[in-house]
Amino acid sequence: MNRHRAAGQGETLCIRRPLLAQLALMTARASAILVHLFTATGAVFAMLAMLAAVQAKWDLMFLWLVVAFFVDGLDGPLARRYDVKRYAPQFDGVLLDLIIDYLTYVFIPAFALFSSGLMDGWTGWVAIIVITFASAMYFADTRMKTKDNSFSGFPGCWNMVVLVFFALKPDFWVCLIIVTVLAATMFVPLKFIHPVRTERWRALSLPVALAWTFFAGWAAWVDFHPQSWAHWGLIVTSFYLLFAGIAQMVIPQRG
């Protein structure tokens, strides 16, 4: 009788194990799909930002872009955590991310820079042509990532640049110089950090990136009021994010 009971338990275990394995696989696949769906929400936020831009509601446009920026910062770690390449290979997460990034990092900010009057006349035309053309080539460049998961050349974060322009409102020629220099550095082997993936100084870089997101949202929320303290926060955090990678090239790593 004990033998029959043991045999029955063995059969139950043999049945249960494949079922548990199948359930675990289904859960992993569902989680990976949900990560792709989360990434795709960036396209929705891009559309909402574009609609606000067409109506010249710049504060609302940047609020949506900040939300998209936040999503973009989270989806990468989630994709690696849930191994989307293994469990949802039918969707190309890298391509999806690049499509949304071009809209939110390049296309919409360039439109805002041109339509807002920050760069009038021929300077506005030069800016949007340079930004969109150079960024399209950069996003297609297979050499854009370095071995330590940083960026080789300015990574086309024009959403951050244009938001700072809106906050500080520099003269048009200052904007033109900055746009021209940054566009040129997209194809120069200068290092620009990824706040999440660049391991060196990440303990500082990640909080600084989160602080930049906070200050950006604050500045947009108060409609870029000239006396807002958010502007100083944007200056300090932008300076670090822009030059930290170059500093890492100059300062030798210990150990």
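The values are calculated or read from the model by the stated rules, or taken from the named source; none is laboratory data. Just so you know, these numbers come straight off a predicted model, no measurement behind them. When we count neighbours, we look across all protein chains shown, and the Cβ atoms used for this are built from the backbone with ideal geometry, even at glycine. We work out accessible area using only protein heavy atoms, side chains counted, and drop any ligands, DNA or RNA first. Shrake-Rupley method; radii C 1.70, N 1.55, O 1.52, S 1.80 Å.
Tell me, please, whether a residue that is hydroxyl-bearing (S, T, Y), at pLDDT 90 or above and surrounded by fewer than 19 Cβ atoms within 10 Å (Cβ to Cβ) can be found in segment 71-84. No. Checking W221, W212 one by one, the residue that is on the phi < 0 side of the Ramachandran plot, open to solvent by 90 Å² or more (accessible area, probe 1.4 Å) and touching a helix residue (DSSP H, G or I) at 6+ places or on another chain (Cβ under 9 Å) is W221 and no other.
Of all residues in segment 96-149, those that are among the charged types (D, E, K, R) and over 29 Å from G76 (Cβ atoms) total 1. Pairs linking a residue in segment 190-211 that is free of Cβ contacts under 8 Å to residues at least 12 places away in the same chain and more than 16 Å from A247 (Cα to Cα) to a residue that is of a type outside the set (K, R) and open to solvent by 30 Å² or more (accessible area, probe 1.4 Å), with Cβ atoms under 6 Å and 6 or more positions apart or on different chains, are L206/P195.
Could you list, in sequence order, the residues of segment 35-83 that are assigned to a helix (DSSP H, G or I) and over 18 Å from the mean Cα position of the chain (by Cα)? Within segment 35-83, L51, A52, A53, V54, W58, D59, L60 meet the criteria. Restricted to segment 140-162, and to residues there that are closer than 10 Å to I193 by Cα and aromatic (F, W, Y), the residue that is most open to solvent (accessible area, probe 1.4 Å) is F151. When segment 186-209 is filtered for residues that are closer than 15 Å to C157 by Cβ, of a type in the set (A, V, I, L, M) and assigned to a helix (DSSP H, G or I), the ones remaining, listed by number, are V208, A209.
Within segment 218-247, restricting attention to residues that are among the polar types (S, T, N, Q) and at pLDDT below 95, the residue that is farthest from V66 (Cα to Cα) is Q227.
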